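The values are calculated or read from the model by the stated rules, or taken from the named source; none is laboratory data. Bear in mind the structure is a predicted one, so any value in this text is a computation, not a measurement. Because the Cβ atoms are built from the backbone with ideal geometry, glycine has one as well, and the counts that use them run over all protein chains shown. SASA here: full protein model, heavy atoms, side chains in, ligands and nucleic acids out. Shrake-Rupley method; radii C 1.70, N 1.55, O 1.52, S 1.80 Å.
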Amino acid sequence: MEDESRVGMGFDAHQFAPEDAGRPLMLAGVAIPHTQGLAGHSDADVALHALVDALLGAAALGDIGAYFPSSDERWRGAASGAFVTAAAQALAGDGWRIVNVDATIVAERPRLSPHVAAMRVSIAGLLGLPVERISVKSKTTDGMGFTGRAEGIACCVVAMIARGEPGDGR
Ligand code: MG
C-alpha cells in the first residue's frame with residue numbers, strides 16, 4: 001500500500017472545580033499538585049481528551065463524545081487514559097500507526113513546566129511510542145480570558161498518523 005499520512009487536531013477545556021471538591025488535577029495522565037482539580041464527568045483530563053480527539057480526527061473516526069458520552073455512567077470518574085488506549089486501538093484496527101503528538105496546555109496556574117517531562121512519558125506510555133515522538137508544551141494567555149483568570153485549563157493537540165510502508169523516520 002502506498003504510504004499515507006494524515007493529521008488531526010483536538011481541543012478541550014474544563015473549568016476548575018471548587019477547592020473543597022477534593023478533585024485531583026489530572027493532566028496527560030499525571031496528578032499535578034494544585035489546590036483545585038478540574039470539573040468533569042470523567043477525571044476531566046483536558047490534555048488526554050484533546051489527544052483522543054486529535055487521534056480520532058486524524059482518522060476521521062468521529063470524536064470523544066461519540067465513543068465515551070458523558071451521559072454514560074460507566075465513564076463517571078473514569079481515568080481518561082482508557083479513552084486514549086481505546087482511540088489508539090480504533091486507529092490500529094484501521095491500519096493506522098501514530099507518528100507523533102504535539103500538545104499545548106494553556107493554564108495560568110499551576111505552573112506546568114516542571115511537569116512536562118512526566119506528561120510526555122505518560123502519553124508515550126499510553127500510546128506505546130518513544131517519548132521523543134511526544135511533545136508537551138505549557139503556555140499562559142498573559143492573564144487574558146478564562147484561562148488567564150484561572151477559571152479553567154484548555155489544551156490543543158495535533159497528532160500525525162500514517163499507514164502503509166514506514167518511510168524515513170516513521
Ligand atoms: Mg473533556
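General observations
- Single residue of the stretch 43-71 satisfying the filter (within 10 Å of the ligand (Cβ to nearest atom) and open to solvent by 10 Å² or more (accessible area, probe 1.4 Å)) that is nearest to residue 161 (Cα to Cα): 53
- Matching option when the condition is β-branched (Val, Ile, Thr), buried (at least 18 other Cβ atoms within 10 Å of the Cβ) and closer than 27 Å to residue 18 by Cβ, among 101, 106: 106
- Residue list for the stretch 1-38, filter: in contact (Cβ under 8 Å) with a residue 40 or more places away in the chain, open to solvent by less than 70 Å² (accessible area, probe 1.4 Å) and within 15 Å of the ligand (Cβ to nearest atom): 10, 12, 13, 14, 16, 25, 26, 27, 28, 29, 38
- Residues of the stretch 124-153 that turn out to be open to solvent by less than 30 Å² (accessible area, probe 1.4 Å) and either out of contact with any helix residue (DSSP H, G or I) (no Cβ under 7 Å at 6 or more places or on another chain) or among the charged types (D, E, K, R) (or both), as a count: 3
- The condition of being out of contact with any Pro (no Cβ under 9 Å at 6 or more places or on another chain) and within 16 Å of the ligand (Cβ to nearest atom) holds for residue 86.
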